[in-house]
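Input: a single structure, listed below in structure tokens.
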Amino acid sequence: MTEDEEDAVRFDALSRAEAEAELRTCCASRRWAATVAAGRPYGSAEALFAAAGKAVRDLDWPDVEEALAAHPRIGDRPRGAGRESAWSRGEQSGVGDADRAAFAEGNVAYENRFGHVFLICASGRGAAEMLAELRERLGNDPAAERHVVHGELVKITELRLRKLFA
């Protein structure tokens, strides 16, 4: 049995509540976690990743908002000892102390315009690039921005799901 299959067997063997709790560390949408957990058994991590990606792409906006509520602002120092906080700290490692004031200002403008946290897949990206994208996205209309946010949530969820199985 390959490592991929072993990971899937372990995940498939979890109780529904345990599976949903593990999944919510990747995406805080309860609907998403329930959908993915209900789809077991997967038999391979790749099959799980494919189903999870489809499930996050299929989320309605209120489910996306639920997931957004669990994300720290870019530029804030994620607190806590949990897995999600550790992942957020790592994903935001490109943001230094010198960048925090600019992100704080940009976050306020973004949240005032769109009513939710600015979401970007920060992994491997520098502060200047993310700040430029934040400023550019302030020009989006709300529908276009929702589409972008949904896409970023797909990327983050896949990244975190792969970390969960790493």
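The values are calculated or read from the model by the stated rules, or taken from the named source; none is laboratory data. The structure displayed is predicted, hence computed values, not measured ones. Positions of Cβ are generated from backbone atoms using ideal geometry, with glycine treated the same way; all protein chains shown enter the neighbour counts.
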Failed item in (1) of a type outside the set (S, T, N, Q); (2) at pLDDT below 85; (3) within 30 Å of VAL9 (Cα to Cα), with ARG162 passing the rest: (2)
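Wholly within segment 59-148, which helices (runs of 4 or more DSSP H) include no fewer than the required count, namely at least 1 residues that are surrounded by 12 or more Cβ atoms within 10 Å (Cβ to Cβ) and at pLDDT 70 or above? Full working, then the answer.
Numbers: elements: 61-68, 83-91, 100-114, 127-137.
Correct list: 61-68, 100-114, 127-137.
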Enumeration of residues in segment 26-58 that are part of a loop (DSSP other than H, G, I, E, B) and surrounded by fewer than 18 Cβ atoms within 10 Å (Cβ to Cβ): GLY39, ARG40, PRO41, GLY43, SER44, ASP58
